[in-house]
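Only one structure is covered here, and it is reproduced in the block below.
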Amino acid sequence: MSATESEQLDAPELEEVLRWRFDVLVRAGYDAGNAMILASHADVDLHEATNLVLSGCPPETALRIVL
């Protein structure tokens, strides 16, 4: 999701997207704190962030790569 797209969402929709992104990141292997950081950055490519961890990259390293 681009920053422009996130600006067009109202608060309930934005919260739903944030929760969904958070859930995807936790299921991929991020801890709750790092998942929240990544989920809240609309410019972070969710597929890239999850694929890194699912491919064996440690979550802490993946966090530094995608941010």
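List of remarks:
- Residue, modelled with the lowest pLDDT, within the range 37-67, restricted to residues that are open to solvent by 60 Å² or more (accessible area, probe 1.4 Å) and among the hydroxyl-bearing types (Ser, Thr, Tyr): Ser40
- A Cβ distance below 7 Å, combined with a sequence gap of six or more or placement on separate chains, defines the contacts here; from the range 39-67, residues that are within 14 Å of Arg21 (Cα to Cα) reach residues that are in a helix (DSSP H, G or I) and of a type in the set (Lys, Arg) in the pairs Ala39/Arg21; Leu46/Arg21.
The values are calculated or read from the model by the stated rules, or taken from the named source; none is laboratory data. Note that the coordinates shown come from a computational prediction; the quantities given were computed from them, not determined experimentally. Cβ atoms come from the backbone with ideal geometry, glycine included; neighbour counts cover every protein chain shown. In case anyone asks, the SASA skips ligands and DNA or RNA and just uses the protein heavy atoms, side chains included. Shrake-Rupley method; radii C 1.70, N 1.55, O 1.52, S 1.80 Å.
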